[in-house]
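K.L.:
Have a look at this one before I ask anything.
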Amino acid sequence: MKKISILGSTGSIGTQTLEIVRAQKDIEITALAAGSNIELLEKQIREFSPAIACVWDEEKARMLAASVRDLSVKVVSGMDGLIEAATEPEAELVVTAVVGMIGIRPTIAAMEAGKDIALANKETLVTAGHIIMPLAGEKKVKILPVDSEHSAIFQCLNGERENKIHKILLTASGGPFRGKTRKELEHVTVEDALRHPNWSMGRKITIDSSTMVNKGLEVMEAKWLFGVEIDQIQVVIQPKSIIHSMVEFEDGAVMAQMGTPDMKLPIQYALYYPERRMLSGPRLDFWTMGQITFEKPDAENFPGLKLACQAGRRGGSLPTVFNAANEKAVAEFLAGRISYLSITDLIQGAMESHKVKENPSVEEILEAEAEAYEYIESR
């Protein structure tokens, strides 16, 4: 019986992880953590009986504790509680599916405690890859990517680890606004941006996908996961989301991982790696698919990807500023306080105003985050 902890259990990745646990019946949940959805978290606690449950909001944690007082679960809150959930002694693997930079500290704590990481929190590597990857080697823990694209690359490299990567081909759907100009995007609403053509994801990541910022974050994440340079990663628009990513080797051979756009596949692969398990759901039908088409990303109308690559090449604290400015700008857009096009404009402004720190510590990363937030608020 494998034992796991899930940080972000009420979100899209967390709930799909629990669907896999429910179907496979041979994983034990030792800890669950959520932001504020205590109604769903209580249902999860009653079904999966974790030893620890964390709620980020302290007041809601008290409400949850009162609701589950008939159970033996320990209810904790805040960053200390998140770290306690990440380091629950019985857990072998921690699924890090929280959104944002709050994932950094619990991920580091879990690794220091010898836990393998099923990584669905891309901000951890984007902002602290220079800390995370050496720590993984030192502690001899696995980092198993849960993002569809990074899981695809990881799968393509099975049996190829000794061969040099020439190029990573990171695919993108292009989002709901593929082919549109900035003029056509001036009056985009929140509802428009949340209509992704292929994937069912959380609100923040869906907005990021529409601006191509998410693909930029994935480029920076891939740099750390697979030990390549930013310029060895080429983004390719593949609108049907059938090819999830590809790897080109020195001899010109290209390995691709394909499948239906279903996040359960990469989640389950990370949970059971290197074993593959039966997964119910639709399969690719090449007879009816017709064709797979490819396009070049539109950097002029969707500058988020270009800005991310600039941040990734420069390194230091600049990727943190890119990420934090985006987090804050997306939150403002979702709240109806800024326009859609302002998201990438604000990211660019925050990056241009920042004085880069080389090899930032966790504390300096968090300071850069606060600086980016302050910049957005001042505008």
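The values are calculated or read from the model by the stated rules, or taken from the named source; none is laboratory data. Here the structure is a predicted model, which means the values were calculated and not measured. Neighbour counts run over all protein chains shown; Cβ positions are idealised from the backbone, glycine included. Side chains are part of the model used for accessible areas, which takes the heavy atoms of the whole protein and leaves out ligands, DNA and RNA. Shrake-Rupley method; radii C 1.70, N 1.55, O 1.52, S 1.80 Å.
K.L.:
I'd like the carbon and sulfur percentage of the solvent accessible area for segment 89-154, probe radius 1.4 Å, heavy atoms only, ligands and nucleic acids excluded.
P.N.:
51 percent
K.L.:
Please report, in whole Å³, the volume per residue of the convex hull around the C-alpha atoms of segment 261-379. If you can, show how the numbers build up before the last one.
P.N.:
Numbers: hull volume 23.3 nm³, N = 119.
So the per-residue hull volume is 196 Å³.
K.L.:
A further question follows. How high is the relative contact order of the chain, in percent, with contacts defined as C-alpha pairs under 8 Å that are six or more residues apart?
P.N.:
15 percent
K.L.:
Taking only the C-alpha atoms, wrap a convex hull around segment 226-309 and report its volume per residue in Å³ as a whole number. Don't skip to the answer; put the middle values down first.
P.N.:
Working: hull volume 13.6 nm³, N = 84.
Per residue, the Cα convex hull of segment 226-309 comes to 162 Å³.
K.L.:
Hey, in the GNM for the chain with a 10 angstrom Cα cutoff, which one of THR107, THR288, THR17 fluctuates hardest?
P.N.:
Of THR107, THR288, THR17, the most mobile in the Gaussian network model is THR288.
K.L.:
Which percent of Cα-Cα pairs in segment 151-229 sits in each 10 Å bin, short to long?
P.N.:
Once binned at 10 Å, the Cα pair distances of segment 151-229 give 16, 41, 26, 15, 3.
K.L.:
Kirkwood hydrodynamic radius (Cα pairs, Å) of segment 99-152?
P.N.:
Values: mean 1/r = 0.0905 Å⁻¹.
It is 11.0 Å.
K.L.:
Compute from the Cα atoms of segment 180-338 the Rg and the Dmax, the latter being the longest Cα-Cα distance, and quote both in angstrom.
P.N.:
Radius of gyration, then largest Cα-Cα span, for segment 180-338: 17.2, 51 Å.
K.L.:
When only DSSP loop residues count, what chymotrypsin sites (Phe, Trp or Tyr not before Pro) in segment 261-313 have their Cβ near at most 13 other Cβ atoms within 10 Å?
P.N.:
Loop-located and lightly packed - PHE294.
K.L.:
Something else now. Leaving out ligands, DNA and RNA, what percent of the accessible area of segment 336-379 is carbon and sulfur, probe 1.4 Å?
P.N.:
Carbon and sulfur: 45 percent of the exposed surface of segment 336-379.
K.L.:
Same structure again: Of LYS240/LYS306; LYS264/LYS328; LYS240/LYS264; LYS223/LYS355; LYS2/LYS264; LYS204/LYS357, which sit over 20 Å apart, Cα to Cα?
P.N.:
Those over the limit are LYS240/LYS306; LYS264/LYS328; LYS223/LYS355; LYS204/LYS357.
K.L.:
Roughly how many Å is it from the Cα centre of segment 53-90 to that of segment 223-269, as a whole number?
P.N.:
Cα centres, segment 53-90 to segment 223-269: 37 Å.
K.L.:
Okay, helix-only estimate at 222 nm for the chain: each DSSP H run of n ≥ 4 adds -39500 (n - 2.57), divide by all residues, round to 500 deg cm²/dmol; what do you get?
P.N.:
Mean residue ellipticity, 222 nm, calculated: -14000 deg cm²/dmol.
K.L.:
Suppose each label sits 7 Å from its Cα in the direction of the beta carbon; what would the GLU367-MET278 distance come out to in nanometres?
P.N.:
Modelled inter-label distance: 5.6 nm.
K.L.:
With every protein chain left in place, what is the accessible area per residue of the chain in square angstrom, probe 1.4 Å?
P.N.:
44 Å²
K.L.:
Considering only ALA128, ALA86, ALA109, give the residue with the highest GNM mean-square fluctuation for the chain, with springs between Cα atoms whenever their separation is below 10 Å.
P.N.:
ALA109
K.L.:
State to the nearest 20 debye the size of the charge dipole of segment 32-156 about its Cα centre, where the only charges are +1 on K and R beta carbons and -1 on D and E beta carbons.
P.N.:
100 debye
K.L.:
Something else now. Rounded to the nearest percent, how much of the accessible area of segment 227-283 (1.4 Å probe, protein heavy atoms only) is carbon and sulfur?
P.N.:
Numbers: 1460 of 2740 Å².
Within segment 227-283, the accessible surface is 53 percent carbon and sulfur.
K.L.:
Between segment 303-376 and segment 169-188, what's the alpha-carbon centroid distance in Å?
P.N.:
20 Å
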